[in-house]
Amino acid sequence: MSVKLPLIDLSGYLNPKSPGDRERVIAEVRDACAKFGFFQTTGHGITPGLQKGLLKSIDTLFNLPPEEKRKLSFLQNVSRRGYEASGMSLRDGDALPDSKEAFYIGREDSAVEHSGFYGPNVWPPLPEEQFRKPVWDYYQATQGLGQVIWEILLQGLGHPTSLLEDFAKKPMVVMKMIRYPPLEATLDGQFGVGAHTDFGGVTVLLQEPSRHGLEVWLEDSETWVPVEALEDVYVINCGDMVMKWSGGQYKSARHRVINKASRESRLSCATFFHGDLFATNPLNPADPNKETVGQLLVKRFRNQFSLHPEAKAEVGAPA
């Protein structure tokens, strides 16, 4: 039996036309996240022009000479902003590292506030109109959409949106631009991105239209379900933090990417809305565990790479 992720029109929440429109969308999102941890969405309010401008900028970036991209390495940046070369991510259980290359940006904070999570971005040597402006405009738009999804998740569990005031005060929002090489350029058994769950909050994913490759694991049927890359359609999913904080009411599902195109690369962009580093669980205000967003992120990152001491001190995590 063929299974597809729910396709939810968010316009009923963002611009309700009839009584009950917002409640219907909240229920649809709640049910999708409870069953799949994923859904696709239209009516999200992000213009096709922003999406196309972003994809064009990503393509320009990744077509820079390798030596230029290496100068922007995220390993040279305390906040892990910048370029990640192909082959740098290897997950437990995978025989080969991910084939993808990526570029990260986040909140544009001054160097004075640098603490390991917040800090300045790294920008490639491209004209502002060609990269920085379209990328930043898009980042701000998807940050807004990520906050809307958090609002809906809160209401789905019966909580008021006022709980987001502290959670979204100075949110950690990371955007990851990705290029997957053609299938013919990858090794046998190599994934664009190996099977994993997202570790944090809400993910807002744009896929280059008609360049398929994302698959989501359905535990009930133990099958990988392909997620079509559709024009002007976003993929939304919950991370491990959402699953933990909701007491398992919302799922964090495993997913992976295999570029199916033999000769064409594939572009995508994921925006991760984690929340304010000092915020605690908004999905269960009575949660006796007062771990903050920052402390949870430190736990997750600790095993992946060494964290700058300022990052741990900033969120009150053990050194």
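The values are calculated or read from the model by the stated rules, or taken from the named source; none is laboratory data. Everything quoted here is computed from the prediction, not taken from an experiment. In this analysis, Cβ positions are derived from the backbone assuming ideal geometry, glycine residues included, and neighbour counts consider all displayed protein chains.
Quick one: which of Ile149, Ile178 is buried (at least 19 other Cβ atoms within 10 Å of the Cβ), out of contact with any helix residue (DSSP H, G or I) (no Cβ under 7 Å at 6 or more places or on another chain), assigned to a helix (DSSP H, G or I) and in contact (Cβ under 8 Å) with a residue 24 or more places away in the chain?
Only one candidate qualifies: Ile149.
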*Would you check if there is a residue in region 44-52 being free of Cβ contacts under 8 Å to residues at least 12 places away in the same chain, within 21 Å of Leu214 (Cα to Cα) and under 20 Å from the mean Cα position of the chain (by Cα)?*
yes
*asked:* Of all residues being over 20 Å from Phe74 (Cβ atoms), surrounded by fewer than 18 Cβ atoms within 10 Å (Cβ to Cβ) and among the small types (Gly, Ala, Ser) in region 284-319, which is modelled with the lowest pLDDT? Just the residue, please.
replied: Ala319
_Which pairs turn up if I take residues in region 286-298 that are free of Cβ contacts under 8 Å to residues at least 40 places away in the same chain and look for partners that are surrounded by 14 or more Cβ atoms within 10 Å (Cβ to Cβ) and part of a loop (DSSP other than H, G, I, E, B) with beta carbon separation below 6 Å, at least 6 apart in sequence or on another chain?_
Lys290/Thr280; Thr292/Phe278; Thr292/Thr280; Gln295/Ala317; Val298/Ala317
*asked:* Any residue that is in a loop (DSSP other than H, G, I, E, B) and under 22 Å from Ile105 (Cα atoms) - is there at least one of those in region 251-262?
replied: no
*Unmet requirement for Met88, which otherwise passes all of (1) at pLDDT below 95; (2) in contact with a Pro (Cβ under 7 Å, 6 or more places away or on another chain); (3) under 23 Å from Gln140 (Cβ atoms); (4) not hydroxyl-bearing (Ser, Thr, Tyr)*: (3)
*asked:* Restricting to region 200-231, give me the number of residues that are outside any strand (DSSP E or B) and more than 17 Å from the chain's Cα centre (by Cα).
replied: 11
*Does region 269-282 contain at least one residue that is without any contact (Cβ under 8 Å) to a residue 24 or more places away in the chain and within 26 Å of Phe167 (Cα to Cα)?*
yes
